[in-house]
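Since every read-out is calculated from the coordinates, none of them should be taken as a lab result. All values reported here derive from a predicted model rather than from experimental measurement. Because the Cβ atoms are built from the backbone with ideal geometry, glycine has one as well, and the counts that use them run over all protein chains shown.
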Amino acid sequence: MADLKPKEIEDAEWAYDIFKGMDGLVDSTSLGKWLNALDVNPSVARLEKFGVAKKVDEKKFKLDELLPIFSELKKERKDQGCYEDFIECLKLYDKAENGKVAVGELSHSLLSLGEKLTDHQVDEVFEDCLDEEDDEGEIEYIPFLRRMCGLDPPIPPKKKK
């Protein structure tokens, strides 16, 4: 892959070693996670284009099959939204212009706009990134976005009683 830098190939090999199975191949159901580890976040439609399967063991990839996928999607990465874009989107929901959004609206947006998340995925995002809501059911969206974009660490898991 002429357009992948040596460090990117090294990172791809590292991620491959993490996601490969006992047979030395990466199952296509892990393609999205492998790409996420490389800071590439394709849509479900893009993953399907590259042959992601719905069932485990339906399709598997060798590293040399994954590198062209990584290369192509890496080029598209600049078209994805960034932290600043997400702030501008959430400002649309900040009716009082106080840096806060209603948790219910945030949940509804994640469940219904763009590439929709499932209830389970929203629960996971909220568990990792969402502060306690205030008395009006709102949260400050800047800390939420910083955690969601990986700029700040996630919220530590709550201890079970």
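In segment 1-52, which residues are touching a residue at least 40 places away in the same chain (Cβ under 8 Å), within 20 Å of Lys75 (Cβ to Cβ) and among the β-branched types (Val, Ile, Thr)?
Passing the criteria: Ile9, Val44.
Restricting the search to segment 9-33, which residues are surrounded by 15 or more Cβ atoms within 10 Å (Cβ to Cβ) and either β-branched (Val, Ile, Thr) or under 11 Å from Phe61 (Cα atoms) (or both)?
Scanning segment 9-33 gives Ile9, Tyr16, Phe19, Lys20, Leu25, Val26, Asp27, Ser28, Thr29, Ser30, Leu31.
Report, by residue number, each residue of segment 106-127 that is surrounded by fewer than 15 Cβ atoms within 10 Å (Cβ to Cβ) and in a helix (DSSP H, G or I).
Listed by number, the residues that qualify are His108, Leu111, Ser112, Asp119, His120, Gln121, Asp123, Glu124, Glu127.
Among the numbered criteria (1) out of contact with any helix residue (DSSP H, G or I) (no Cβ under 9 Å at 6 or more places or on another chain); (2) outside any helix (DSSP H, G or I), which single criterion is violated by Asp85?
Here Asp85 meets the rest and fails (2).
From the list Glu65, Glu136, Glu76, which residue is of a type in the set (Asp, Glu), over 20 Å from the mean Cα position of the chain (by Cα) and under 30 Å from Asp3 (Cβ atoms)?
Glu65
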